[in-house]
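Here's the structure we're looking at; comments come further down.
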Amino acid sequence: MAQGDMIYEDKKRLRARIRERLEKTTTDQLQQYSAAICSHIACSKHMLLSTNTIAIFAAHGKEIDLSELHESLPDVRFVYPLCHEDKILSFHTVTSPTNLMLGSYGILEPKLNEHSEVNTSEVDLFLCPGLAFARNGARLGHGGGYYDRALAKKSSRAMVWGVGMNMQIVDHITCEKHDQLMEGVITESGIMAARHD
């Protein structure tokens, strides 16, 4: 088996394992974890220093709900991703999560003609969803590569953090050339910086 095929199979198995864990998460747990994570972000001086624009996401399935940040950080400009057919993400200013509409893959997204697009290089902080996060900063998404392509265009000063639950932390994720590393992950337990050793 070729190395690329082995990596693909490894990631496929890991996705299945994490999805199985996530299925056991109750709505109450998800709400508790989401509130804790929003609190960690809102209280992080390091993360918010010189941060004017934050890219967040609308929770889908068993993802963390970050909508509370709109109230916690009223002076921040929030941008949400919009999926395009060519597997590209664009980011658009959204003042309230209630303005989002159901889009690709059943995910709530900005309305293309109503929410102004923001250049990826203008984003100061990216808060990224994922299925799994490794201690070295590696992130495993759903396999479309949307975030990897978007993050390749970010400003060099931008911070990139994964957002998930403790159960999504794993020891190792095999990285490929195009995979973008996170500076760490924010879970219900706190902010964990990646160990690049």
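Read-outs throughout are calculated quantities, based only on the coordinates presented, and are distinct from any laboratory measurement. Just so we're clear, the structure is a prediction, and the values are computed from it rather than from any experiment. A quick note on method: Cβ atoms are made from the backbone with ideal geometry, for glycine too, and the neighbour counts reach across all protein chains shown.
Between helix 3-23 and the chain there is an angle of about 60 degrees, using the helix long axis and the longest principal axis of the Cα atoms.
The trypsin sites (Lys or Arg not before Pro) found in segment 50-145 that occupy coil by DSSP, while having at most 14 further C-beta atoms within 10 Å, are Lys87, Lys111. Against the chain, whose longest principal axis comes from its Cα atoms, helix 27-42 is set at around 70 degrees. Note on the chain: GNM, Cα springs under 10 Å; of Ala36, Ala158, Ala16, the largest mean-square fluctuation is that of Ala16.
The magnitude of the dipole of the chain, with charges of +1 and -1 set on the Cβ of Lys/Arg and Asp/Glu and taken from the Cα centre, is near 400 debye. Note: the chain, Cα convex hull, 125 Å³ per residue. Sites listed here are trypsin sites (Lys or Arg not before Pro) in segment 154-197 whose DSSP assignment is loop and whose Cβ has at most 13 other Cβ atoms within 10 Å: Arg157, Lys177, Arg195.
The residue among Ser44, Ile169, Asn119 whose Cα reaches farthest toward the positive pole of the charge dipole of segment 3-193, with charges on the beta-carbon of Lys, Arg, Asp and Glu, is Ile169. Selection among Gly145, Val94, His60 by position relative to the dipole of the chain gives Gly145 as farthest towards the positive end (Cβ unit charges, Cα centre).
Under a 5 Å amide H cut-off, with hydrogens placed 1.01 Å from N, Val163 pairs with Cys128, Gly130, Ile186 among residues at least 5 apart or on other chains.
Based on other C-beta atoms within 10 Å, arrange Val163, Val170 from fewest to most. Show your work: numbers first, answer last.
Details: Val163 26, Val170 16.
Arranged by neighbour count, lowest to highest, Val163, Val170 become Val170, Val163.
From helices alone, the chain scores -7500 deg cm²/dmol at 222 nm; the rule is -39500 (n - 2.57) for each run of n ≥ 4 DSSP H residues, then divide by the residue total.
Of Glu68, Glu183, Glu114, which has the largest mean-square fluctuation in a 10 Å C-alpha GNM of the chain? Greatest mean-square fluctuation among the candidates belongs to Glu114. Residue order for Met47, Met192, fewest other beta carbons within 10 angstrom first, comes to Met192, Met47. Taking the chain as a Gaussian network, Cα atoms linked when under 10 Å apart, which of Ala134, Ala55, Ala42 shows the biggest mean-square fluctuation? Per the Cα network of the chain with a 10 Å cutoff, Ala42 tops the list.
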